[in-house]
Amino acid sequence: MFIAMNRFRIVRGREADFEQLWSERNSHLDGVPGFVEFRLLRGPEEEDHTLYASH
């Protein structure tokens, strides 16, 4: 099993824009044998950004 993770620092106030772009993105992974799913996790909020992780 492989798990790929990415972290994103999103400018405060732009979280909804990022979440919409992430959920509507084009991906070819659905056709890759063994691919199961993507998940987006919203992490802690800092003064100037919000952390996200996708896996």
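Please treat every number below as a calculation from the coordinates, not as lab data. Keep in mind that what you see is a predicted model, and the values were worked out from it rather than measured. Every residue, glycine as well, gets a Cβ built from its backbone with ideal geometry; the counts of neighbours run over all protein chains shown.
Results, tabulated for the structure shown:
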| read-out | value |
| --- | --- |
| Order of 23, 54 - criterion: other Cβ atoms within 10 Å of each residue's Cβ, fewest first | 23, 54 |
| Radius 14 Å from Cβ of residue 50, net charge of other residues (Lys, Arg +1; Asp, Glu -1) | -2 |
| More than 13 Å apart - percent of Cα-Cα pairs taken over the chain | 64 |
| DSSP-loop trypsin sites (Lys or Arg not before Pro) across the chain, with at most 10 other Cβ within 10 angstrom | 25, 39 |
